[in-house]
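Enquirer: The structure follows.
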Amino acid sequence: MGEKSKVIIELFGFLDVTGEVIGMWIILGIITLISLIVRLTLKEKPGKFQNIIETGIEYLDNFFGDTLGKKKSRKYFTFLATLFIFIIFSNYSGLFPGMGMTEFVKAPTSSLSVTAGLGIVTFVFLQIAGLRHSVKHYFKRFVSPMFFMLPLLLLDEIIKPASLALRLYGNIFGEETVTEELYHILPIGAPAVMMILSLLFCALQAVVFTMLVSIYLDEVTEE
Amino acid sequence: MENSGIIAIAAAMAIAISTLGPSIAQGLTAKSAMESIARQPDAAKDIRSTLIISLALMEALTIYGLLIGFMLISKI
């Protein structure tokens, strides 16, 4: 798509580290730090911080339980929740002042490479989950109503991750670009209008992404 | 480039036309969701979450147009 990012560091001569990758490192660091703090200070009687995290995890558990059913959602909870937490952190990282204005730190999901990576991971996960669930069901799904549906269903399998990636990328990139344009028009005040909208859309996109993944997962692992 | 005028019009058309369909669809969706909430206020929570997700899915179609618009603009 003719996307260009400025290479900031070259690791080992062939790994190009761009602003998005640095943003991703910071987010991974923050998530790891939070998990470590919660894990190390785990108590029977939860404190304030542990309570917040527990509420969040319970919300996610209910959210996936609604679409997948309790048993299946618990089985695949680690992958789905990781996806959700990573996407929501990367989406919100674009709202921090200065993110995206410099070349050095950018919101990871505003780059097609990152969202395409998430799409590919999801694709592989769905195939493996389907095959592990039942090989017969996996192959039967491609010819399920009629035999001539095969090419369409194969195409559908590839379009799913592509549309997931494009939807997330388009939303976040569009938001960032509009905020930047507003900044050029009127530096004080104008970007805030778009940023308030972004507060809603960023969470929504993470919800939609994981919701769709869990619907696809429900499709491939149905009894 | 001599084609930049055409590209600018194409970018404007891409976002303008791709807004039309989803906006009508979103209006219809919000309308029927409101009607069903008014009829059954107990189910408001379920309806709201389904509504938001379906709105976001329609939003994606507009976003595809926006992406094409940005890609075209970068060609000028």
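Enquirer: Taking the condition of being within 8 Å of another protein chain (Cβ to nearest Cβ) and without any contact (Cβ under 8 Å) to a residue 12 or more places away in the chain, how many residues in the range A:159-206 meet it?
Expert: Of the residues in that region, 5 qualify.
Enquirer: Only one of B:E59, B:E2, B:E35 is without any contact (Cβ under 8 Å) to a residue 40 or more places away in the chain and not in a helix (DSSP H, G or I); which? Steps first, answer last, please.
Expert: Details: B:E59 fails: not in a helix (DSSP H, G or I); B:E35 fails: not in a helix (DSSP H, G or I).
None of the other options fit; the residue is B:E2.
Enquirer: Restricting the search to the range B:32-49, which residues are open to solvent by 100 Å² or more (accessible area, probe 1.4 Å) and more than 22 Å from the chain's Cα centre (by Cα)? Don't jump to the end; show me each part of the working.
Expert: Start the filter on the range B:32-49 by keeping residues that are open to solvent by 100 Å² or more (accessible area, probe 1.4 Å), which leaves B:34, B:39-40, B:42, B:45-46, B:48.
Correct list: B:R39, B:Q40, B:D42, B:K45, B:D46.
Enquirer: Name the one entry in A:L95, A:L83, A:L153 that is over 19 Å from A:I30 (Cα atoms) and in contact with a helix residue (DSSP H, G or I) (Cβ under 8 Å, 6 or more places away or on another chain).
Expert: A:L153
Enquirer: Being loosely packed, with under 12 Cβ neighbours inside 10 Å and within 11 Å of chain B (Cβ to nearest Cβ): is that true of A:L212 here?
Expert: On the way: loosely packed, with under 12 Cβ neighbours inside 10 Å: no; within 11 Å of chain B (Cβ to nearest Cβ): yes.
Judged against the criteria, A:L212 is not a match.
Enquirer: May I pose another question? Please find, among B:S18, B:S74, B:S32, the residue that is within 14 Å of another protein chain (Cβ to nearest Cβ), more than 18 Å from A:V208 (Cα to Cα) and modelled with pLDDT of 90 or more. Steps first, please.
Expert: Values: B:S74 fails: modelled with pLDDT of 90 or more; B:S32 fails: within 14 Å of another protein chain (Cβ to nearest Cβ).
Every option except B:S18 fails the conditions.
Enquirer: Would you confirm whether any residue within the range A:136-145 is away from chain B (no Cβ under 14 Å), modelled with pLDDT of 85 or more and surrounded by 13 or more Cβ atoms within 10 Å (Cβ to Cβ)?
Expert: No: zero hits.
Enquirer: Mind listing whichever residues of the range B:50-76 are surrounded by 15 or more Cβ atoms within 10 Å (Cβ to Cβ) and not hydrophobic (A, V, I, L, M, F, W, C)?
Expert: If the condition is that a residue be surrounded by 15 or more Cβ atoms within 10 Å (Cβ to Cβ) and not hydrophobic (A, V, I, L, M, F, W, C), then B:S54, B:E59, B:T62, B:Y64, B:G65, B:G69 are the ones that fit.
Enquirer: Quick one: what pairs do we get from the range A:62-76, first residue within 19 Å of B:S49 (Cα to Cα), second acidic (D, E) and surrounded by fewer than 19 Cβ atoms within 10 Å (Cβ to Cβ), C-beta under 6 Å, 6+ apart or different chains?
Expert: Sorted first by the residue in the range A:62-76, then by its partner, the pairs are A:L68/A:D218.
Enquirer: Looking only at the range A:202-220, decide whether some residue is assigned to a helix (DSSP H, G or I) and farther than 26 Å from A:F89 by Cα. Steps first, answer last, please.
Expert: Here is the first cut: in the range A:202-220, the ones assigned to a helix (DSSP H, G or I) are A:202-220.
If we keep only those that are farther than 26 Å from A:F89 by Cα too, we end up with A:219-220.
Taking every residue of the range A:202-220 in turn, at least one turns out to be assigned to a helix (DSSP H, G or I) and farther than 26 Å from A:F89 by Cα.
The values are calculated or read from the model by the stated rules, or taken from the named source; none is laboratory data. Bear in mind that the values here come from a model prediction, so they are computed numbers and not experimental data. With ideal geometry, Cβ positions are generated from the backbone for all residues, glycine too; neighbour counts draw on all protein chains shown. The area values use the complete protein model at the heavy-atom level, side chains included, leaving out ligands, DNA and RNA. Shrake-Rupley method; radii C 1.70, N 1.55, O 1.52, S 1.80 Å.
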